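K.L.:
One structure, as C-alpha cells, below. Some questions next.
The values are calculated or read from the model by the stated rules, or taken from the named source; none is laboratory data. Here the structure is a predicted model, which is why all the values come from computation and not from measurement. Ideal geometry is used to build each Cβ from the backbone, glycine not excepted, and the neighbour counts take in all protein chains shown. With ligands, DNA and RNA removed, areas are computed over all heavy atoms of the protein, side chains included. Shrake-Rupley method; radii C 1.70, N 1.55, O 1.52, S 1.80 Å.
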Amino acid sequence: MEEVIEKSIECPSCKVTITYNPNYAEWCQECEWNLKFEDKIKSKSKFEEFYLKISKIQSKYLFEKVINEDLFNLKISKLRIIAYIASFFIIILNFSFLIIGIYLLFLNWGGISNYLLSFVFLAIFWLSKPSLRKIPKDDFLSKDNFPELYNLVNQVCNELKTTNVEGIILNEDFNASISEYGFSRKKVLRIGLPLWNVLNEEEKLDLLGHEISHCTNKDPSRRIVIGTAIDILIDTGHAIYPDKLLSNDISSDTWGYIPMELGKYVAIPINLLLRLISHILYFFARSLCQMIWVDSQRAEYLADLNATKIMGKKSAISGMEKSFLYEIIDFELSKLALKNNKELENIDFFTILNDKVSNLPFHETERLKRLSKFENHRLDATHPPTIYRIKMLEKKGFETGNFNKEKVDFEKIKEEISKIEHNIKYKLIDIYKSRLFIRYSY
C-alpha cells in the first residue's frame, strides 16, 4: 500500500493546527469546522422543522426512559392497546363487507337492487381484503450452495431460542433486516453484502443476533393484527385513488364522443371524493403507525441489548459505528462507475472496500462518528438515533456473550459468499449510476 504523507493546516475558525490525510476531508476536531453537519439537519419546511424539534424531544425522553427500565419485562403501553383495538375493528369491518355481500346475494326480495348492493359490498371487500405477503423463495440462497452460512444463522437462532430461518437473501444494501411471513411466521433474513463485508467476525455475529432478536422481542410493528389493519387501509387507499381528475384519453373519432366528453367532467367530483377517502384511509394508517412507533423504537433498543448476549457489547458498538461508512462505499463506487466493463471484470470491489475500511485514518473515522450526532430524530422512524443506541449499550449491554465463535468456519462462509460478489458488484454500480441520473436530470 502506498504511504500517504499527512499534511497540516491552521483551522480558519479556532486557529489550532489540523493534521489530516489529503485523501480525506480536512476538518477540525476542536471546533468541528468543515464537519458539514448542516446536510444532516436540513428541513424542507417550517412544519418539518417543528416536527424534527418535537421528534428530538421525544427521542431524548424515550432514551432516558429506556436507560432506567427493564427492557426484558416491558409492559404494553396504552397507545399499543388502543392500536390493537382499532386494528381489530378495521379487520372485523373489512370481513363484514364480505358477509353482507353474500347475505344480499341470497336474499329473496329486492330483485336487481340486491345484486347491485351485493356487488358493491363484495367489491369493497375485494379491494380491501387482507393478503399475506408471499415468501420471496426465488431470491433465497440455496441451502446446498451456502450450507455454512445457513448453519451460522441457525446457530444464532438456537442461541436466542427461536426457530430457524426459512431463507437467506444477500443483496446490495448497506443494511440488514428480517421479515416474518404468514401465520406460521416463517423468517426470511436479508443481509446487505456491502455491510457484511466491512464487519469483522464478532460484528457479523452481533448483526445476526440483532436481526434475529426482532423475532423474539414482541415488536408491535411485526404483529399480524396491527400489520394486517395497516395493509387493509393502505391497499384500499391505493386501489380507489384516481391518478387523474380529468381524463384526456377520449378520441374525437370515438362513437358517442360528445356524451363521453361531458361524462368525464361529471366524474371530477367523484374522483375528488375518492381522493378524499383515500387520504382519510392513509391518515388512519399513519395514525396506527404513530401509536406503535414509540414501542417499535423501544423494541429496537431491546434487539440491540438482546444481541449482546451473542458476543458482548464491544462488538455490538463497533459494528453499529460502521453503519456510518456508507459514504466510503459511495466514494469507491464513484471510481468504479468511470471504468468500462473490461476493467471492471478484474476488480475485486469487496476486497478493495474491506481494505479501505480497515485502513481508514483516525480523523476520518472520528468525522463519521461525529456526524452521527446530527442524525435527524423522527417520531415516524422505527429506529432510534444511533447515538442513543450506542449510549444505551454502553450502560446496559452485556460485557461478554455466550456464543462460541470457534465452531463457525468463517473462511468457508467467505468462499460461499464469493460466488455472488460479482453480480452484487454490478448491481451496486447500476444503482449508483441510476442515482446520478436522477440527481442531475432535474
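K.L.:
Being open to solvent by 90 Å² or more (accessible area, probe 1.4 Å) and aliphatic (A, V, I, L, M) is the filter here, so list the residues in the range 96-150 that pass it.
P.N.:
Matches in the range 96-150: 99, 112, 116, 132.
K.L.:
Would you check if residue 160 is within 18 Å of residue 204 (Cα to Cα), among the hydrophobic types (A, V, I, L, M, F, W, C) and in contact with a strand residue (DSSP E or B) (Cβ under 9 Å, 6 or more places away or on another chain)?
P.N.:
Against the criterion (within 18 Å of residue 204 (Cα to Cα), among the hydrophobic types (A, V, I, L, M, F, W, C) and in contact with a strand residue (DSSP E or B) (Cβ under 9 Å, 6 or more places away or on another chain)), residue 160 does not qualify.
K.L.:
Let me ask something additional. Of the conditions (1) open to solvent by less than 50 Å² (accessible area, probe 1.4 Å); (2) of a type outside the set (Gly, Ala, Ser); (3) out of contact with any Lys or Arg (no Cβ under 8 Å at 6 or more places or on another chain); (4) modelled with pLDDT of 85 or more, residue 304 fails just one. Which one is it?
P.N.:
(3)
K.L.:
So which residues in the range 63-86 are among the small types (Gly, Ala, Ser) and part of a helix (DSSP H, G or I)?
P.N.:
Result: 83, 86.
K.L.:
Here is a further query. Give the residue, chosen from 373, 396, that is farther than 22 Å from residue 191 by Cα and at pLDDT 85 or above.
P.N.:
Testing whether each residue is farther than 22 Å from residue 191 by Cα and at pLDDT 85 or above leaves just 396.
K.L.:
Can you list residue pairs whose Cβ atoms sit under 7 Å apart, with the first residue in the range 59-88 being open to solvent by less than 90 Å² (accessible area, probe 1.4 Å) and the second being not in a helix (DSSP H, G or I) and not basic (Lys, Arg)? Count only pairs 6 or more apart in sequence or on different chains.
P.N.:
The qualifying pairs are 59/377; 59/384; 59/385; 62/384; 63/384.
K.L.:
Residue 26 - would you say it is of a type in the set (D, E, K, R), open to solvent by less than 50 Å² (accessible area, probe 1.4 Å) and either at pLDDT 70 or above or assigned to a loop (DSSP other than H, G, I, E, B) (or both)?
P.N.:
No, not satisfied.
K.L.:
Then there is this: Take the conditions touching a strand residue (DSSP E or B) at 6+ places or on another chain (Cβ under 6 Å) and of a type in the set (D, E, K, R) and apply them to residue 202. Does it pass?
P.N.:
For residue 202, the condition - touching a strand residue (DSSP E or B) at 6+ places or on another chain (Cβ under 6 Å) and of a type in the set (D, E, K, R) - is not met.
K.L.:
What pairs come up if the first residue lies in the range 398-419 and is outside any helix (DSSP H, G or I), the second is surrounded by fewer than 14 Cβ atoms within 10 Å (Cβ to Cβ) and modelled with pLDDT of 90 or more, and their beta carbons are under 8 Å apart, counting only those six or more places apart or on different chains?
P.N.:
Cβ pairs passing all conditions: 408/201.
K.L.:
What are the residues in the range 316-347 that are acidic (Asp, Glu), open to solvent by less than 80 Å² (accessible area, probe 1.4 Å) and within 17 Å of residue 421 (Cβ to Cβ), if any?
P.N.:
332 - this is the single residue of the range 316-347 that is acidic (Asp, Glu), open to solvent by less than 80 Å² (accessible area, probe 1.4 Å) and within 17 Å of residue 421 (Cβ to Cβ).
K.L.:
Also, I was wondering about something else. Here is a list: 178, 232. Which entry is under 30 Å from residue 92 (Cα atoms), touching a helix residue (DSSP H, G or I) at 6+ places or on another chain (Cβ under 9 Å) and part of a helix (DSSP H, G or I)?
P.N.:
From the options 178, 232, the qualifying one is 232.
K.L.:
Quick check on the range 151-167: of everything there that is in a helix (DSSP H, G or I) and open to solvent by 10 Å² or more (accessible area, probe 1.4 Å), which residue is nearest to residue 410 (Cα to Cα)?
P.N.:
Among those that are in a helix (DSSP H, G or I) and open to solvent by 10 Å² or more (accessible area, probe 1.4 Å), it is 151.
K.L.:
A further question on this structure: Only one of 323, 358, 318 is in contact with a Ser or Thr (Cβ under 9 Å, 6 or more places away or on another chain) and small (Gly, Ala, Ser); which?
P.N.:
Every option except 323 fails the conditions.
K.L.:
For the range 163-210, name all the residues that are free of Cβ contacts under 8 Å to residues at least 40 places away in the same chain and among the acidic types (Asp, Glu).
P.N.:
166, 173, listed by residue number.
K.L.:
Let me ask something else. What do you reckon, is residue 135 closer than 22 Å to residue 309 by Cβ, under 19 Å from the mean Cα position of the chain (by Cα) and without any contact (Cβ under 8 Å) to a residue 60 or more places away in the chain?
P.N.:
So residue 135 fails the test.
K.L.:
Would you check if residue 140 is touching a strand residue (DSSP E or B) at 6+ places or on another chain (Cβ under 6 Å), over 17 Å from residue 294 (Cα atoms) and at pLDDT 85 or above?
P.N.:
yes
K.L.:
Additional query: Quick one: which residue in 142, 55, 128 is among the hydroxyl-bearing types (Ser, Thr, Tyr) and in contact with a helix residue (DSSP H, G or I) (Cβ under 6 Å, 6 or more places away or on another chain)?
P.N.:
Sole residue among the options that is among the hydroxyl-bearing types (Ser, Thr, Tyr) and in contact with a helix residue (DSSP H, G or I) (Cβ under 6 Å, 6 or more places away or on another chain): 128.
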